[in-house]
Amino acid sequence: MRPVPDEVKTPRTYDSSLRARQAADRRLALASAAKDLFVELGYPATTMDAVASRANVSLKTVYNAYASKSGLLRAVWDMSLKGDLDEAPVAERPWYTSLMSEPDPQRQVAMTAAASRVVKTRIGPMLKVIRDAAPVDEDLAALWELIQTDFWANQHAIIESLDTKGALRPGLDIDHATDLLWTLNHPDVWLLLVDGRGWTPEEWETWFADACQHQLLAPR
C-alpha cells in the first residue's frame with residue numbers, strides 16, 4: 001500500500017476550548033492563592049513572587065495571567081464579589097435578576113438581605129484589604145471608589161424597582177431612599193458589626209432586613 005502524502009493527511013485538530021478552560025482554571029488558582037495572601041499579609045506585603053510560590057507556579061506564569069499586582073487584586077475582588085471569574089456583571093447574575101423581578105416588596109427586601117449576607121461573607125476579608133490599602137495606593141484608591149459607585153448604582157436599581165410597585169414610605173424620594181439603603185447595606189457597616197462587634201452573618205441579615213422594612217417601605 002502506498003503511503004498517504006503528508007499534504008493529504010488529516011490535520012490534527014486544535015482544541016481551543018480545552019486550552020481556554022486550562023487558562024481559566026490557572027487564573028482561578030492564582031486568584032485563590034493571591035486572596036489568601038492578601039488576607040494574611042495585607043496588600044503591600046504580598047508580592048507576585050509570593051503568589052507564584054503559594055500557587056506552585058513560576059513567576060512568569062503569574063505575570064502572563066495578570067500583568068500587575070493591582071490587576072491581580074482586581075481579579076481577586078471580582079472573584080470574591082461574584083463567586084467566580086466570569087465577566088458577567090452582578091446585574092446579570094441569576095440571583096440579582098430574580099431579586100429584581102420579585103413582585104412582592106416585603107419579599108424583595110428579604111431577598112436583598114439574604115443575597116447581601118451571602119456576598120458580604122465572601123467579600124468581607126477583601127473589603128478590609130482594599131479599604132486599608134486605598135489611602136496609600138492610587139490603584140486601590142480608584143478601585144475603592146469604583147466599588148462605592150457601583151454599589152450605589154445597584155442599590156438605586158433596587159429602590160427604583162420598589163418605587164414602581166408603590167412600596168416606598170410616603171414622602172421618601174428615590175435618591176434619599178437609595179442613600180438609606182446604601183448606608184444600611186454599606187460594607188463599612190458590615191465590617192463594624194460582623195468583624196468589629198462579632199455579629200454572625202445571620203444576625204446581620206436579620207437586622208438589615210428589619211431596618212430596611214422600617215426605613216424604606218410603606219406600612220401595609
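Can you check what the net charge comes to around W190, using other residues whose Cβ is under 10 Å from the Cβ of W190 (Lys, Arg +1; Asp, Glu -1)?
0
Quick one: Cα centre-to-centre distance for region 197-220 and region 51-129, in angstrom?
If you average the Cα positions of each part, the centres end up 23 Å apart.
Per residue of region 206-215, what does 6.51 cos²θ - 1.76 cosθ + 1.60 with θ = phi - 60° give for ³J(HN,Hα)? Whole Hz please, x for Gly and Pro, Karplus curve as stated.
Values, residue by residue: 4, 4, 5, 4, 5, 4, 5, 4, 6, 7 Hz.
Once phi is turned into ³J(HN,Hα) by the Karplus curve 6.51 cos²θ - 1.76 cosθ + 1.60 with θ = phi - 60°, what whole-Hz value does each residue of region 122-138 show in order, with x for glycine and proline?
Rounded to whole hertz, the list is 6, 8, x, x, 6, 4, 5, 4, 5, 4, 5, 8, 4, x, 10, 9, 5.
Quick query: amide H of L168 versus all other amide H atoms, modeled in the peptide plane; which residues come in under 5 Å with a sequence gap of 5 or more or a different chain?
Here A218 satisfy the definition.
What dipole magnitude, in Debye to the nearest 20, does region 17-132 give about its Cα centre under +1 on Lys/Arg Cβ and -1 on Asp/Glu Cβ?
220 debye
Can you tell which of Q106, P135, I123 lies farthest toward the positive end of the dipole of region 66-136, using +1 and -1 charges on the Cβ of basic and acidic side chains (Lys, Arg; Asp, Glu)?
Checked the options; the winner is P135.
Once phi is turned into ³J(HN,Hα) by the Karplus curve 6.51 cos²θ - 1.76 cosθ + 1.60 with θ = phi - 60°, what whole-Hz value does each residue of region 150-161 show in order, with x for glycine and proline?
4, 5, 4, 4, 5, 5, 4, 5, 5, 5, 4, 5
Using only the Cα atoms of the chain, construct the convex hull and provide its projected area averaged over every direction, in square nanometres to one decimal.
18.4 nm²
Starting from the Cα of E145, step 7 Å along the direction of its Cβ; do the same at A67; then give the gap between the two resulting points in nm.
Simple spin-label model gives 2.0 nm for this pair.
Laboratory data are not the source of any read-out in this text; all were calculated from the coordinates shown. All of these numbers come straight from a predicted model, not from anything done at the bench. Positions of Cβ are generated from backbone atoms using ideal geometry, with glycine treated the same way; all protein chains shown enter the neighbour counts.
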